[in-house]
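Below: the structure, in structure tokens.
Quick note: the coordinates plus some simple rules give every number you see, no bench work behind them. This one's a predicted model, so the numbers in the text were calculated from it and none came from an experiment.
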Amino acid sequence: MESRNTPAPFRFEFDSTNRILRAAFWDVVTDEDVTSFYRMLAEHSVALDPLAGILDLSDVTSFEVTVHTIRDLAWSEPAMPHPNRPRFIVANSSHIFGMARMFEFEGESTRPNLHVVRSPREVWAILGINEPQFEPLPAILDSNRDFSA
């Protein structure tokens, strides 16, 4: 497998009011990208202790992630601790939605509150939030705010 010379096609954001960690992918997504993302998600989850997590795959143009990688990640330790906290995968493409449902099914014993949905509106309805305010994660981590309260 060739290594990518460009930055990975994902970013992290955080809503400090509601303590929601959101990640979004775009363009082409590979096994290497999701594996790297999963490692970074674990680090950010420890640092920020989010009350909910969202992975938005709405802007992905090609999902080149193997079933093997999806299963490996689903069977691994959850990147976000506290299994009962809600987590969401937003997938509007049928192929990606199916892969997300496989991840949900394979990891349901350690992620019982994972929801695979088609749009962010469904996430906000489940969480009971109207207008979350996300900031890019580097700005959050560079600030002196205390999110552990």
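Observations, loosely collected:
- Residues with amide H under 5 Å from that of A52, placed H, sequence gap 5 or more: L21
- Highest GNM mean-square fluctuation among R111, R121, R87, for the chain modelled with Cα contacts below 10 Å: R121.
- Antiparallel content of DSSP bridges confined to the stretch 15-142, in %, to 5: 5
- Note on T17 and I126: the extension gain reaches 37.6 nm, defined as 0.36 nm multiplied by sequence separation minus the Cα-Cα distance.
- Shape call, the stretch 15-142: gyration tensor on alpha carbons, a/c limit 1.5: rounded
- Separation of the stretch 83-120 from the stretch 14-39 is 14 Å, based on Cα centroids.
- Within the chain, helix-based [θ] at 222 nm, where runs of 4 or more DSSP H residues each add -39,500 (n - 2.57), nearest 500: -11000 deg cm²/dmol
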